[in-house]
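Nothing in this text is a laboratory measurement; each read-out follows from the coordinates by a stated rule. As the structure is a prediction and not an experimental result, all values here were calculated from the model. Because the Cβ atoms are built from the backbone with ideal geometry, glycine has one as well, and the counts that use them run over all protein chains shown.
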Amino acid sequence: MSVAHVVYCGVCSFPIEYCEFSGKLKKCKVWLQEEHPELFTKFYGSESEGSADGADGSGDGVDGSDADNKEKKLEKSLKKLEIKEENRDKRELQKKLNSKIVIKTIERTKRKRVVAITGLEVFEIDMKKLSKTFASKFATGCSVSKNVEKKEEIIVQGDVADQVEVYIQKLLQEKGMETVKVEKISGKAEKKKKTEDGAAPAK
């Protein structure tokens, strides 16, 4: 039983039978004619290097012209796609740089405080993983919840707002996002939540 020998194109790296799908057919043909003339003849007949390169309009040049047109259209489409992706990336980056991370210290019952952190989506990291990092870093309880705006926030137990701010600033610096604003604010838990935490109503 004979084993099939596959020849890969030195231009597009596809098997030579699939060069037409690479968007580089013109260059692929030139390479094939120079490196494997017998295979070139097998696949493209008596085309010369000139016709493969699109310079000769005779013989199979019509077929080569069609291939050139397809290649040009494909290159144009790819270029448009690249520009579109670049613009999208720029918009995403600008959106991140204009965003704001809020570190809010919330006072609960009997001097109990927690720190709620929002806006951390700029790091593009799993919030649960980031929560575990905070818990380990500050040696305290930490969880992920949703605020009234239905956005995810990380709740850190204890009065650690200053330490959190320093750590977040360091993360932003490492990612080259120093322009992202970090704001610290203070707030109080709602009365409803206080009674839920176990505060007995006055008699």
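Residues in the range 147-177 that are part of a strand (DSSP E or B) and within 24 Å of the chain's Cα centre (by Cα): 3 in all. Scanning the range 116-137 for any residue that is in contact with a strand residue (DSSP E or B) (Cβ under 9 Å, 6 or more places away or on another chain), under 18 Å from LYS170 (Cα atoms) and part of a loop (DSSP other than H, G, I, E, B) turns up at least one such residue. Filtering the range 98-117 to residues that are among the hydroxyl-bearing types (Ser, Thr, Tyr) and within 21 Å of the chain's Cα centre (by Cα) leaves only SER99.
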